[in-house]
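The values are calculated or read from the model by the stated rules, or taken from the named source; none is laboratory data. Values in this document were obtained by computation on a predicted structure and should not be read as measured data. With ideal geometry, Cβ positions are generated from the backbone for all residues, glycine too; neighbour counts draw on all protein chains shown. Each accessible area value is taken on the protein alone, full model and side chains, heavy atoms only, with ligands, DNA and RNA left out. Shrake-Rupley method; radii C 1.70, N 1.55, O 1.52, S 1.80 Å.
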Amino acid sequence: MEDNTPLWGRFALLCIALVMNGVLLYLILKGKRYTTITVDKDGVQFYNQYTKTIVKTLQWHSFSKALGSTKIRDLTHDVNKETTSGMVNGARISSDHFQWWYMQDGIPVSQKETFRGAHPFHVFFANRGELIAAFMKGLKQYRPDLKVDPLLFITFFIDPNTYEHQRGKQTITFVAGLAFAAIIFAIIYYFVR
């Protein structure tokens, strides 16, 4: 802020910041948001640690075969890799997530999950890879009849033989991508300069 900003302007900015933080806190504490995902022999459980409530539970026996096709494309796997993309602040972003079907009141319903949590601090999900590996291992153990898209193993760095998360391989890929981007920027800088 500049020194000549009037006092009412500073007060208005403070009020806006307080209201935004209040809304964020309300969504976390009172909303249907979850902070923890548990995968075990019963299924997938979505839990809000702030309100100490279970938001949703999906049991293995409720998982269903794919319907065959959606409006977008034909489904050849029961558990698919889906990619959503769009523009945010002038930049194109994309996110990979899981899509599967489960029975709710006798009707198959699509479920999409990124395994990052449905709260604003999802970037702090440090165990995301292990969580995805546990989910895929649970599918193999409790629902071997469902076909899993092989791209999920590659995208999320899961070993298809052991169902373990390959954190080292993921880190190497990330560092190699950063190094490649740095080299490209250096070449562009050299020729533009």
* Kyte-Doolittle cut-off 0.0, length cut-off 24 Å along the helix's own axis using Cα: show which whole DSSP H helices in the chain pass. => 7-30, 167-192
* Asked: Add -39500 (n - 2.57) for each DSSP H run of 4 or more in the chain, then divide by its residues: what number comes out at 222 nm, to the nearest 500 deg cm²/dmol?
  -> -12000 deg cm²/dmol
* Using a Förster distance of 45 angstrom, determine the FRET efficiency expected from the C-beta separation of ASN4 and LEU24, and round it to 0.05. => 0.90
* Could you order TYR50, TYR26 by accessible surface area, starting with the largest, using a probe radius of 1.4 Å? => TYR26, TYR50
* **Pairwise label distance in nanometres, ALA186 with LYS137, each label 7 Å out on the Cα-Cβ vector** => 4.0
* Structure fact -> Once all protein chains are kept in place, ILE187 shows an accessible area at probe 1.4 Å, nearest 10 Å², of 80
* Would you kindly state how much longer the chain becomes between ARG116 and LEU151 on full extension, computed as 0.36 nm times their sequence separation minus their alpha carbon distance, in nm to one decimal? => 10.7 nm
* Asked: So for the pair HIS97, GLU130, with labels modelled 7 Å out along Cα→Cβ, what separation do we get in nm?
  -> 2.4
* In debye to the nearest 20, how big a dipole does the chain give about its Cα centre with +1 on each Lys and Arg Cβ and -1 on each Asp and Glu Cβ? -> 100
* Structure shown: which of LYS81/LYS112; LYS65/LYS137; LYS56/LYS147 lie over 21 Å apart, alpha-carbon to alpha-carbon? -> LYS56/LYS147
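With all protein chains present, how much of the accessible area of the chain (probe radius 1.4 Å) comes from carbon and sulfur, to the nearest whole percent? Show your work: numbers first, answer last.
Details: 8230 of 13160 Å².
Carbon and sulfur together cover 63 percent of it.
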